[in-house]
Amino acid sequence: MFESKSMPLAVEINSDELLILIRQRSEKGFGILYDNYSAALVGVISRIVKDNVAAEDVLQESFVKIWRNI
């Protein structure tokens, strides 16, 4: 399973810059958010849900909520 400590961020960007992009509803910013954090999140979700398909669904719904509510 994924270990967040051993994986570098897919794209180097500081959190302030990323937040600005996301608040601007930038698809690029959202892509960076997903690329950098989805593996860690699905790892955590999988430990809670114990079903890979359900974990992927929860991950998708989480990112949809982020996009809609930012």
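List of remarks:
- Residue count for the stretch 15-53, restricted to those that are open to solvent by 100 Å² or more (accessible area, probe 1.4 Å) and of a type in the set (G, A, S): 0
- Residue match in the stretch 16-38 (condition: modelled with pLDDT of 95 or more, touching a helix residue (DSSP H, G or I) at 6+ places or on another chain (Cβ under 8 Å) and polar (S, T, N, Q)): yes
- Residues within the stretch 54-66 that are of a type outside the set (D, E) and exposed (fewer than 14 other Cβ atoms within 10 Å of the Cβ), tallied: 4
The values are calculated or read from the model by the stated rules, or taken from the named source; none is laboratory data. It should be emphasised that the depicted structure is a prediction, and the values quoted were computed from it without experimental measurement. In this analysis, Cβ positions are derived from the backbone assuming ideal geometry, glycine residues included, and neighbour counts consider all displayed protein chains. Ligands, DNA and RNA are stripped out before the accessible areas are found, and what is left, the full protein with its side chains, is counted by its heavy atoms. Shrake-Rupley method; radii C 1.70, N 1.55, O 1.52, S 1.80 Å.
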